[in-house]
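The values are calculated or read from the model by the stated rules, or taken from the named source; none is laboratory data. The model shown is predicted, which means the values in this text are computed figures rather than measured ones. Note that we place each Cβ from the backbone using ideal geometry, even for glycine, and neighbour counts take in every protein chain shown. The accessibility values were calculated without ligands, DNA or RNA, using every heavy atom of the protein model including side chains. Shrake-Rupley method; radii C 1.70, N 1.55, O 1.52, S 1.80 Å.
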Amino acid sequence: MSEGVEWALHSCVNLAWSGPDRAVSAARLAAWHDLPAAYLNKQLQALARAGIVTSTPGPKGGFRLARPLDAISLMDVVAAVEGPEEAFRCAEIRQQGPGGAAPAAYTADCAIAHAMTRAELAWRRALAAQNLDEIRQQAERQAPEAPERLRAWLAAR
């Protein structure tokens, strides 16, 4: 999984903390965590295409959440940034090299591919079961001052 997923998840929580009336630019969101703005902007655009955030152009434009955090799962963000492809792709290497047999000899799915598919399904279900509001709440328990620090920093432009 790319670091863009982490950046996108933090950005969603930061947008919630900034408030629904404030659009925050990619550059400003990136500066909060000292990230490269151009790369974060790509993640934010992916979130916009997925309907997780909205983008408003112009000097006072920026990004806002398109829906409440409790309606955004971790899987929504992962799929927006990483795409819908499976993480594991079986290339059927068991059929290659001196250990391989004729393709007709392989009547069952690869045991490794089967195990990886089961694991990925469990992982995706776990991500889909957790929403960003749960993450926000945990973050606020760990750092109660974080939302106000972010709002004050954004206001100090």
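Sparse packing (at most 16 other Cβ atoms within 10 Å of the Cβ) combined with a DSSP loop state is found for the following trypsin sites (Lys or Arg not before Pro) in region 53-91: LYS60, ARG89.
Using the Cβ-Cβ distance between LEU121 and ALA50 with R0 set to 22 Å, the FRET efficiency from 1/(1 + (r/R0)^6) comes to roughly 0.60. Rounding to the nearest 10 and keeping the result within 0 to 90°, find how far the Cα-based axis of helix 146-155 lies from the longest principal axis of the chain. Helix 146-155 sits roughly 60 degrees off the main axis of the chain.
If you take the square roots of the eigenvalues of the alpha-carbon gyration tensor of region 72-129 and sort them as a ≥ b ≥ c, do you get rounded (a/c under 1.5), prolate (a/b over b/c) or oblate?
Details: a/c = 4.48, a/b = 2.78, b/c = 1.61.
Prolate.
Out of these labelled values of semi-axes √(5λ) of the Cα gyration tensor in Å, [x] 26, 19, 15; [y] 40, 16, 13; [z] 27, 15, 14, which was calculated from the coordinates shown here? Matching the structure shown: [y]. Relative to the dominant Cα principal axis of the chain, helix 3-18 is inclined by about 30°.
Shape verdict for region 24-63, please, from the Cα gyration tensor: rounded (a/c under 1.5), prolate (a/b greater than b/c) or oblate. Oblate, since a/c reaches 1.5 and b/c is not below a/b. When the GluC sites (Glu not before Pro) in region 47-101 are filtered for DSSP coil states and for at most 15 other beta-carbon atoms within 10 Å of their beta-carbon, the remaining sites are GLU85, GLU86, GLU92.
In this structure the chain gives 59 Å² per residue of accessible area when probed at 1.4 Å with all protein chains present. Put simply, when 13-26, 143-156 are sorted by average Cβ atoms within 10 angstrom per residue, most first, you get 13-26, 143-156. So which residue, out of GLN137, GLN95, GLN43, gets the largest mean-square fluctuation from a GNM of the chain using Cα contacts under 10 Å as springs? In the Gaussian network model the winner is GLN95. Could you check how much of the accessible area of region 93-157 is carbon and sulfur, as a whole percent, using a 1.4 Å probe? Answer for region 93-157: carbon and sulfur cover 58 percent of the accessible area.
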